[in-house]
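Here's the structure, in structure tokens; my notes come after.
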Amino acid sequence: MAEDQGTRERLLDAAIALIEAEGESAVRVGRVVEVAGFTKPVLYHHFADKDAVIVQAQAERYRRSLEWANTGFSAAMNGVRSREEFGARLAVSIAGFSTDESRHQRRIRNEVLGSSVSRPDLQDAVARANRVFISWVALEIDRWKENGWIETRYSSHELAEWWAVQIHGRHFVEVDSNIRDDREWIAITMSTVRHLLGL
């Protein structure tokens, strides 16, 4: 069973590499198995057809991108011991929105959202990934409340949903090739977050 999972992951990784390099049109069964080092029957053992490969690869791109956001934020907040330290690390994390990698991850998520428009299976996978992400953020907010780092009147779940929209929505202006100075946007975001969290 673990070997089967490893094979499936290699096939997905190959499809993801093709999507990242050339777009969805590059995902053809022959190319995927060539990149992964398998044969077509192996692919068809794991996926019904080419579209199933694309859907699963895009869903995995989306999931990994949200996992990247979780992992980075968890690392930034690891070992926080006071309200002041929490506020300072939160400010650093929000400033991290303007890094090239953050922009890249938002681009991935928005590409997947675009791909999901005519694919109900991909829409479902995105919705599942979003629920996991929002639940994780809500649990973090609950922990911050318990530690006395924040004092908010808003529900953890609603704040988590707002945060998810905030981080996805930044891509709206990033698609413009004229990347501007992000400092004012970061200041507005930090001010809003401080207000919402009662910092």
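If a residue counts only when it is small (Gly, Ala, Ser) and farther than 30 Å from Val173 by Cβ, which helices (runs of 4 or more DSSP H) contained entirely in segment 1-107 have at least 3 such residues?
Working: elements: 2-22, 29-36, 40-46, 50-77, 83-95.
Per the criteria, 2-22.
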For Arg107, only one of the following conditions fails: (1) touching a His at 6+ places or on another chain (Cβ under 8 Å); (2) of a type in the set (D, E, K, R); (3) buried (at least 17 other Cβ atoms within 10 Å of the Cβ). What is its number? (3)
Are there any pairs, at least 6 apart or on different chains, whose C-beta atoms fall under 8 Å, with the first in segment 145-171 and in the same structural domain as Arg131 (by TED's automatic domain parsing) and more than 25 Å from Gly114 (Cα to Cα) and the second part of a helix (DSSP H, G or I) and of a type in the set (S, T, N, Q), and if so, which? Lys145/Ser156
Quick check, is Ala164 more than 22 Å from the chain's Cα centre (by Cα) and of a type in the set (Gly, Ala, Ser)? no
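Could you grab me the full set of residues in segment 108-128 that are assigned to a helix (DSSP H, G or I), over 30 Å from Arg183 (Cα atoms) and of a type outside the set (Lys, Arg)? Show your work before the answer.
Let us first name the residues in segment 108-128 that are assigned to a helix (DSSP H, G or I), namely 108-116, 120-128.
Now narrow it down to the ones that are over 30 Å from Arg183 (Cα atoms): 115-116, 120-128.
Across segment 108-128, the qualifying residues are Ser115, Ser116, Pro120, Asp121, Leu122, Gln123, Asp124, Ala125, Val126, Ala127.
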Hits in segment 179-193 - residues which are in a helix (DSSP H, G or I) and within 23 Å of the chain's Cα centre (by Cα): Arg183, Trp185, Ile186, Ala187, Ile188, Thr189, Met190, Thr192, Val193
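The values are calculated or read from the model by the stated rules, or taken from the named source; none is laboratory data. Since we're looking at a predicted model, the values are computed, not measured. Cβ sites come from the backbone with ideal geometry, for glycine too, and all protein chains shown count toward neighbours.
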